[in-house]
1. Against the definition (modelled with pLDDT under 95, surrounded by 14 or more Cβ atoms within 10 Å (Cβ to Cβ) and more than 18 Å from G181 (Cβ to Cβ)), how does A97 come out, yes or no?
2. For region 234-250, enumerate the residues that are open to solvent by 50 Å² or more (accessible area, probe 1.4 Å) and more than 16 Å from G85 (Cβ to Cβ).
3. Can you pull out every residue in region 159-190 that is among the β-branched types (V, I, T) and buried (at least 18 other Cβ atoms within 10 Å of the Cβ)?
4. Does K115 count as surrounded by fewer than 18 Cβ atoms within 10 Å (Cβ to Cβ), modelled with pLDDT of 90 or more and within 24 Å of A206 (Cβ to Cβ)?
5. For V87, work out the one condition from (1) open to solvent by 60 Å² or more (accessible area, probe 1.4 Å); (2) within 17 Å of L183 (Cβ to Cβ) it doesn't fulfil.
6. Determine whether A106 is of a type in the set (A, V, I, L, M), surrounded by fewer than 18 Cβ atoms within 10 Å (Cβ to Cβ) and without any contact (Cβ under 8 Å) to a residue 40 or more places away in the chain.
7. Among the residues of region 199-222, which ones are farther than 19 Å from V112 by Cα and either free of Cβ contacts under 8 Å to residues at least 12 places away in the same chain or part of a strand (DSSP E or B) (or both)?
8. Somewhere in region 186-195, is a residue assigned to a strand (DSSP E or B), of a type in the set (G, A, S) and closer than 19 Å to A77 by Cα?
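The values are calculated or read from the model by the stated rules, or taken from the named source; none is laboratory data. This structure is a prediction, so every number in the text was calculated from the model and none was measured. Here Cβ is always computed from backbone atoms with ideal geometry, including for glycine, and neighbour counts include all displayed protein chains. For accessibility, only protein heavy atoms count, side chains too; no ligands or nucleic acids. Shrake-Rupley method; radii C 1.70, N 1.55, O 1.52, S 1.80 Å.
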Amino acid sequence: MSLLQPLSPAATFARASERVTTSAVVPARAVAARKVDAPAENDGYWSITASLGTGGLSLSSAADATGRAAALTDIAALGIETTTGIVMDIRDRLIEARSPGADRNALNAEIVVLKDQLAATAASSTYDGQNWLHLEAGQRPKVHSVIASVSWSGPGELAVNLADFDTGRSVVTSSENAADGVLTRAHAGLTRSGGTYAYFLLDANAAVPTSSPVREVALADSTSSAELDGMIAAVDSMLTGLYEARASLGSMRKDIAGDDRLLDGIRELTESAVGERIETAMTGEEAMRAALQVRDQLQAAGLNIANGDMRALSDLFR
């Protein structure tokens, strides 16, 4: 089964140039290029350079906006990955505590240190004032909209494509309502042996704490085997929540076109192509129209390639 291969920016430029040159004949003469600082000096040349500047600004704005969205998602994903590793370390300590003769007090001291690391990781997973892992007092999970891509179908026709992310999928700690965080909420159920359990891992001093029968994961010499089984089961449930959060962030990241290098390349290619046409025939009206048409085609194709590249690749291997 054959797969259609997406055109490279260079191939797209070649085809765009081919369409333009067959529909508009550019006079074969060269004149000296000069800088035009005001419309009165040469209104046709001024309009081209001004439009090119606007197009470059659009590309730059697209790179900034999608780059910010990518950074927000990457910071949250890194925080989830780090959190997952620490929770797995805590699980290892709980399993070790089941061994005969294990020093549970010493193991609990290590768990306390790991809990501090979890709290610090969640609190520091902030970018541009937003934290998708930790909620302060007074905050609840909400849907954040970010600019995932910017498409351009023609002069003045910019389409801003938004992607929504519900932080209820990624919050791990909450100082407002403990039930909002994967690690601060109660995880209850039945162990394999049929015993009941109800535990949370972190106490974030939430304004709305967990209900009183629920206990914090902690070890002591008096901890029974049944209690250990319940703690391990609760931590397993937390890990499942973290895996789901990581998957949600990964899906979000695929929708964001954050490749600044590709956008920079499109901008350079556009400026070069238009500049050559203007400088070789700056007084030819047809050449001016052709230059503008090439500019529009290049940037439209380039932005659409940038926006669709990651999604196209994921669809091929899905």
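1. Here the answer is no, as A97 does not meet what is asked.
2. Across region 234-250, the qualifying residues are E244, A247.
3. T167, V171, V172, T173, V182, T184
4. no
5. (1)
6. Yes.
7. V208, S212 - these are the residues of region 199-222 that are farther than 19 Å from V112 by Cα and either free of Cβ contacts under 8 Å to residues at least 12 places away in the same chain or part of a strand (DSSP E or B) (or both).
8. no
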